[in-house]
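I have placed the structure first, in the form of C-alpha cells, so that the comments after it can refer back to it.
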Amino acid sequence: MLTTKEGGSKKSTISKRLTSFGQKKRLYISGPITNHPNYLADFEAAEERLRSIGFQPINPAKILSMLPDTLSYEQMMYLCYAMIDLSEGIYMLRGWSGSRGAKLELEYAFKHDKPDFYEEYD
C-alpha cells in the first residue's frame, strides 16, 4: 500500500486518493542516487509499482542516466526541476531525507503546490 502525508501529519492510501487525484496523473519519483549502488533498481521498482496503480511515473534516474556525464550537478537539478514541473505530484523513495538532491526536489515541489507521497509509509 502506498501512502501520502499532507500537512505534516495526515496519512491516507494513494489508492484511496487515486480517484480524487485522477487517473493517469504524472508522478515524479525522487530519492537518493549518490552513493546508492542500487538506485536504478529502486527507481525502477517504484516506477513499476506506481504504474500498476494507475499513475504515469516520471523516473529521473532512468532519464538522466542517458545523458552525458559532463553535466554539472546544477545542470542535472535544473533538468529535475523541469520534470517536476511536468508532474502533478512527487513520490519520495525511502532514504530521501539523506539526499541533498531529493530534499531540494521536495522543496521545489512544495513551492509549486505538488502533492507529496512517501514510500516509507508503504
Item to check | Flag for residue 101 being among the small types (Gly, Ala, Ser) and on the phi < 0 side of the Ramachandran plot | outcome: yes
Checklist outcome for this item: Those residues of region 100-117 which are part of a strand (DSSP E or B) and either buried (at least 20 other Cβ atoms within 10 Å of the Cβ) or among the polar types (S, T, N, Q) (or both) amount to 117
Checklist entry - When region 38-89 is examined, which residues are found to be assigned to a helix (DSSP H, G or I), in contact with a helix residue (DSSP H, G or I) (Cβ under 6 Å, 6 or more places away or on another chain) and over 18 Å from residue 106 (Cβ atoms)? => result 40
Checklist entry - Looking at region 90-99, is at least one residue aliphatic (A, V, I, L, M), within 21 Å of residue 35 (Cβ to Cβ) and in a strand (DSSP E or B)? => result yes
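No value in this document is a laboratory result; all are computed from the given coordinates. Just so you know, these numbers come straight off a predicted model, no measurement behind them. FYI the Cβ positions are ideal-geometry reconstructions off the backbone, even for glycines, and counts take in every protein chain you see.
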